[in-house]
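K.L.:
I'd like to ask some things about the structure below.
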Amino acid sequence: MDPTSEPIEHQEVERTGPATIHSLRPNILRYIFSFLSVQHYDYLNHRTRTIHNHLGPVSLVCKSWNAIASPLLWQERTFHGWNAGELLETFIQQTENADFSSTHEYGDFVKRIEIIDSHDVVDKQNGQFVINWITPDVVLALSEHCSRRLRDLTLVFATGLQLSNENEEGLIPWNALAEACRRLSMLTLTNYICPVLPVGNGHPLHIFATHTNPLTELVLKRCKNIPSETFQQLARTCGKALTKLVLLDSDDNLGAAEMIEFAKHCPNLRHLNVSWFESFEAKFNDEALIELTTNCLRLEYISLLDANQISDLSFQTLAKLRYLRNLILPRAGTTETGMTFRQESLIAVAKSCRRLEQLHLVAPGATSSKFFEALLFCPNLQVLVIVELAQGLLMDQRFKSLGLAKYVDPETTEGYKLVWHKKT
């Protein structure tokens with residue numbers, strides 16, 4: 001009888017010796033090592049990351065363990081704090097000398113890099129903050145040695161001059177980054193001051209927007225001087241791949257035309273967060289919101305902090321977004337002549353967007369008892385913020401049916417601000 005046809009319990013297992021930790025298969029070791037990882041939730045970016053910083057001692061046990069632990073240990077590198085410059089220099093040296101290493105090419109393991117400039121280092125001669133870590137030379141080194149698997153890049157610039165020993169212009173080589181990192185899908189830039197150059201003459205960031213791999217997440221916070229043409233090119237390049245768009249504290253170059261371009265070319269958007277500097281007028285208008293609700297039907301998160309030009313004409317189209325979970329419009333719906341949202345539109349949004357978890361509106365007068373009754377269609381509602389609520393509604397006992405604990409914000413001086421949180 002063929003022994004291979006016998007049941008497993010009757011087959012003899014051939015053993016060459018006692019089972020040890022070194023005889024375990026790589027997939028079993030990888031599963032065991034996973035218990036040393038830490039799950040970290042990034043509240044700013046609304047995603048969970050797995051950190052493997054505790055695998056350092058494991059990688060020093062033997063060659064087999066090192067081969068499994070090193071890719072996990074090196075896949076995410078973060079540099080911030082007073083010693084970030086020294087750690088970053090060591091990291092670049094290790095990736096540049098990988099060809100002469102007897103173990104691995106460590107740059108090929110890197111999937112995520114985060115560099116945060118130190119705001120504690122001050123140039124005493126001119127009193128300005130000096131950028132020490134994010135230089136053109138550093139970005140060029142990353143594009144040359146960490147481009148194979150790099151998917152997520154976060155650069156937080158400090159204010160001041162961008163210094164470089166080899167590049168006199170001090171321009172970040174975005175073109176090299178776009179050509180080398182063909183797996184880059186998530187880009188976060190903070191405090192980046194874009195050089196004021198004509199777009200047609202080799203503008204570095206515009207070249208990146210043209211040749212980069214389609215991004216799934218694009219986050220730009222407090223970035224200045226980005227040309228309008230670059231925003232539109234990013235929308236066309238990212239296209240259907242883009243699911244998250246965050247443009248916080250933008251300047252005058254970001255307007256309704258640019259937001260319409262994102263709405264037209266990025267139908268798979270799930271997360272949208274847009275705001276402007278206080279010194280600039282918000283430009284998100286009815287036309288942009290209608291285009292958004294027409295093309296991006298799978299939106300789950302909308303935060304328009306400065307959208308005070310939205311009227312009831314576009315607000316009522318939010319009822320199309322069946323997957324909407326968070327709607328934050330703290331300044332929409334108020335004009336010099338008074339309230340612009342009709343009660344019917346508020347009720348239609350509450351009844352249609354049944355997955356709502358957070359709702360933040362300015363809605364004086366229109367938020368009647370019928371509106372709160374319509375919120376009963378949203379069983380997942382966790383946070384509700386209504387600014388300038390009519391005083392008579394505060395004592396309505398029917399609010400309790402939503403299962404939310406209410407209180408009036410004591411800091412508000414004009415009208416009433418009602419904040420509800422889910423009872424725990």
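K.L.:
Out of the residues in segment 258-285 that are of a type in the set (Asp, Glu) and crowded, with 17+ Cβ neighbours inside 10 Å, state the one that is farthest from Pro195 (Cα to Cα).
P.N.:
Glu261
K.L.:
Being under 21 Å from Gln382 (Cα atoms), hydroxyl-bearing (Ser, Thr, Tyr) and either open to solvent by less than 10 Å² (accessible area, probe 1.4 Å) or modelled with pLDDT of 95 or more (or both) is true for just one of Ser314, Ser303. Which residue is that?
P.N.:
The conditions single out Ser303.
K.L.:
What helices (runs of 4 or more DSSP H) completely inside segment 189-301 contain at least 2 residues that are more than 30 Å from Arg354 (Cβ to Cβ) and among the acidic types (Asp, Glu)?
P.N.:
256-265
K.L.:
For segment 129-178, which positions are touching a Pro at 6+ places or on another chain (Cβ under 7 Å), modelled with pLDDT under 85, open to solvent by 30 Å² or more (accessible area, probe 1.4 Å) and closer than 22 Å to Lys221 by Cα?
P.N.:
Result: Leu171, single match.
K.L.:
Given the conditions (1) touching a strand residue (DSSP E or B) at 6+ places or on another chain (Cβ under 7 Å); (2) more than 17 Å from Pro195 (Cα to Cα), and given that Gly255 satisfies all but one, which numbered condition is not satisfied?
P.N.:
Condition not satisfied by Gly255: (1).
K.L.:
For segment 46-63, which residues satisfy the criterion of being out of contact with any Leu (no Cβ under 8 Å at 6 or more places or on another chain) and either open to solvent by 80 Å² or more (accessible area, probe 1.4 Å) or farther than 30 Å from Ser303 by Cα (or both)?
P.N.:
Residues satisfying the conditions are His46, Thr48, Pro57, Leu60, Val61, Cys62, Lys63.
K.L.:
Looking at (1) farther than 24 Å from Pro267 by Cα; (2) modelled with pLDDT under 75, can you tell me which one Leu361 breaks?
P.N.:
Just one mismatch for Leu361, condition (2).
K.L.:
Identify, from the list Thr243, Thr210, Thr237, the residue that is open to solvent by 50 Å² or more (accessible area, probe 1.4 Å) and free of Cβ contacts under 8 Å to residues at least 60 places away in the same chain.
P.N.:
Within the list Thr243, Thr210, Thr237, the selection yields Thr210.
K.L.:
Checking Asn268 against (1) within 20 Å of Leu189 (Cα to Cα); (2) out of contact with any Pro (no Cβ under 6 Å at 6 or more places or on another chain); (3) at pLDDT 95 or above, only one condition comes out false. Which one?
P.N.:
Only one criterion is unmet by Asn268, namely (1).
The values are calculated or read from the model by the stated rules, or taken from the named source; none is laboratory data. Quick caveat: nothing in here was measured; it's all calculated off a predicted structure. Every residue, glycine as well, gets a Cβ built from its backbone with ideal geometry; the counts of neighbours run over all protein chains shown. Quick note on the areas: whole protein, heavy atoms, side chains included, nothing else; ligands and nucleic acids left out. Shrake-Rupley method; radii C 1.70, N 1.55, O 1.52, S 1.80 Å.
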